[in-house]
Amino acid sequence: MNRVYIGIGSNLGDRLQNLSKALERLEDVCDIVTVSSVYETEPVGFSSPNMFLNMAVAGETALDPSELLEQLKEIEDELGRRRDSHNKDREIDLDILLYEGMIYRNSMVTIPHPEMAHRRFVLVPLAEIAPDAVHPVKNETIQALLEQCPVQSVVVRTKHQLSLIH
């Protein structure tokens, strides 16, 4: 089994319900180990009046990165994600952030996520659940990357906490 960290975000529709459904479906793809708090964040990379809800999860999976990505895309499709919604408002977004310390790239996915070191909306929830995880390219912990993050976007912990009941 491989440890994987996945970012989840939503800024359309019932955002909290979208996160909850995605988390529930992720259980079919990997064994969820840890779930971060839910954070409200401003859009990054595009303008929108719709704030995001973001979180991160740690899981264990036997899937390789390409297989995992394929499963995440299926979950996004099931939850209403339109494929034209990159850098736009979206019902759900699932991103592989880290995969067992691996550096991996193909035409569909790059791991670690290439923009994560510049995105507080990724680093804050990830640092909550895995502060000592190491970015395999930058050779820095997630906590160190958060402290060095040059982009100071708004990231506020909400009162919501999603969890899985086993």
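The values are calculated or read from the model by the stated rules, or taken from the named source; none is laboratory data. Note that this is a predicted model, so its numbers are computed, not measured. Here the Cβ positions follow ideal geometry from the backbone for every residue, glycine too, while neighbour counts run over all protein chains shown.
In the range 75-94, how many residues are modelled with pLDDT under 95 and not in a loop (DSSP other than H, G, I, E, B)? Write out each step before concluding.
Of the residues in the range 75-94, the ones modelled with pLDDT under 95 are 76-93.
Restricting the remaining residues to those that are not in a loop (DSSP other than H, G, I, E, B) gives 76-78, 93.
Number of matching residues: 4.
Each row is one residue, and each column tells you yes or no for (1) within 22 Å of SER107 (Cα to Cα); (2) in contact with a Pro (Cβ under 8 Å, 6 or more places away or on another chain).
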| residue | (1), (2) |
| --- | --- |
| ILE6 | yes, no |
| SER10 | no, no |
| ASP14 | no, no |
| LEU19 | no, no |
| TYR39 | no, yes |
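The single residue among GLY13, GLY9, GLY101, GLY45 that is on the phi > 0 side of the Ramachandran plot and touching a strand residue (DSSP E or B) at 6+ places or on another chain (Cβ under 7 Å) turns out to be GLY101. Put simply, of ALA62, ALA56 the only residue that is at pLDDT 90 or above and surrounded by 15 or more Cβ atoms within 10 Å (Cβ to Cβ) is ALA56. A Cβ distance below 7 Å, combined with a sequence gap of six or more or placement on separate chains, defines the contacts here; from the range 42-66, residues that are charged (D, E, K, R) reach residues that are surrounded by 20 or more Cβ atoms within 10 Å (Cβ to Cβ) in the pairs GLU60/CYS30. Evaluation of GLY101 against the conditions (1) under 13 Å from the mean Cα position of the chain (by Cα); (2) over 16 Å from GLU27 (Cα atoms) shows that the sole unmet condition is (1). Filtering the range 7-51 to residues that are of a type in the set (A, V, I, L, M), closer than 22 Å to ALA133 by Cα and touching a helix residue (DSSP H, G or I) at 6+ places or on another chain (Cβ under 8 Å) leaves ILE8, LEU26, VAL29, ILE32, VAL35, VAL38.
Kindly check whether there is at least one residue in the range 100-111 that is assigned to a strand (DSSP E or B), of a type in the set (A, V, I, L, M, F, W, C) and surrounded by fewer than 20 Cβ atoms within 10 Å (Cβ to Cβ).
no
Evaluate the range 49-64: report whether one residue or more is of a type outside the set (A, V, I, L, M, F, W, C) and under 18 Å from LEU146 (Cα atoms). For the range 49-64, residues of a type outside the set (A, V, I, L, M, F, W, C) and under 18 Å from LEU146 (Cα atoms): present.
In the range 99-115, the residues that are under 14 Å from GLU67 (Cβ atoms) form Cβ pairs under 8 Å with partners that are among the hydroxyl-bearing types (Ser, Thr, Tyr), at six or more places apart or across chains, as follows: TYR99/TYR5; TYR104/THR110; ASN106/SER66; MET108/SER66; VAL109/SER66; ILE111/TYR99; ILE111/TYR104.
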